[in-house]
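**Q** Here's a structure for you.
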Amino acid sequence: MAYIPTPQQQQFAMMLADPNNKMTMAERAREIGVTPKTLYAWMNNQDFMGYVSGLIDKNTDMHLAYAWKCLVDRMQRDTNAIRLFFELKDKIRQRLEVTGQTAMTVKFEGIPRPQRPEAKDAENA
């Protein structure tokens, strides 16, 4: 059976999913008419948090096209943006290598590492 939040839970979920809502937990609890302890209990409920995640997905989907445009524009001058683009498109994999107790290396496999513009200029000189 699908999870159906109460009207108070729906109101709280909307508050959590709204990135512009800066209210404290006490303020949110007071507005909804419950205690902060109740809000924390709801946040520990996997079904409730799944509902919140669904709201966040819906709210962020409308910004997806803009985010992609910004990323593509940034790729012209930032190799990290290129790497992020391919990661998000599942074109490369990260492999974590632990070489000691305090050192680790992340290697990207699947595409060649992009060359920095200054390195290209040095080759052409």
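Where a number appears in this text, it was derived from the coordinates with a stated rule and is not lab data. It should be emphasised that the depicted structure is a prediction, and the values quoted were computed from it without experimental measurement. So basically every Cβ, Gly included, is an ideal-geometry build from the backbone, and we count neighbours across all protein chains shown.
**Q** In nm, to one decimal, how far is the modelled label at Ala2 from the one at Ala65, with both set 7 Å along Cα→Cβ?
**A** Once both label points are built, they end up 2.7 nm from each other.
**Q** Sticking with this structure for a sec: Please label the shape of the stretch 32-80 as rounded, prolate or oblate, based on the square roots a ≥ b ≥ c of the eigenvalues of the alpha-carbon gyration tensor (a/c under 1.5 means rounded; beyond that, a/b larger than b/c means prolate, else oblate). Can you show the working numbers first?
**A** Numbers: a/c = 3.82, a/b = 3.19, b/c = 1.20.
It is prolate, given that a/c is not under 1.5 and a/b is the larger ratio.
**Q** Right, here's the next one. Please report the net charge: other residues with Cβ closer than 14 Å to the Cβ of Leu55, K and R +1, D and E -1.
**A** In short, -3.
**Q** In nm, what is the difference between 0.36 nm times the number of residues separating Gln11 and Leu55 and their Cα-Cα distance?
**A** Net length gain for the segment: 14.7 nm.
**Q** Given axes a ≥ b ≥ c from the Cα gyration tensor, I'd like to know whether the stretch 7-61 is rounded (a/c under 1.5), prolate (a/b larger than b/c) or oblate.
**A** Note, shape of the stretch 7-61 comes out oblate.
**Q** If you don't mind, there's one more thing I want to ask. Just subtract the alpha-carbon distance of Leu84 and Val72 from 0.36 nm times their residue separation and send over the number in nm, one decimal.
**A** Between Leu84 and Val72, full extension yields an extra 3.3 nm.
**Q** Ok, one more. Relative contact order for the stretch 7-61 using alpha-carbon pairs under 8 Å, separation at least 6, rounded to a whole percent?
**A** 44 percent
**Q** Using a 10 Å cut-off on Cβ atoms, rank the peptides 61-74, 6-19 from the highest mean neighbour count down. Write down the numbers at each step before the final one.
**A** Details: 61-74: 10.8, 6-19: 15.6.
Per-residue Cβ counts within 10 Å, averaged per peptide and sorted highest first, yield 6-19, 61-74.
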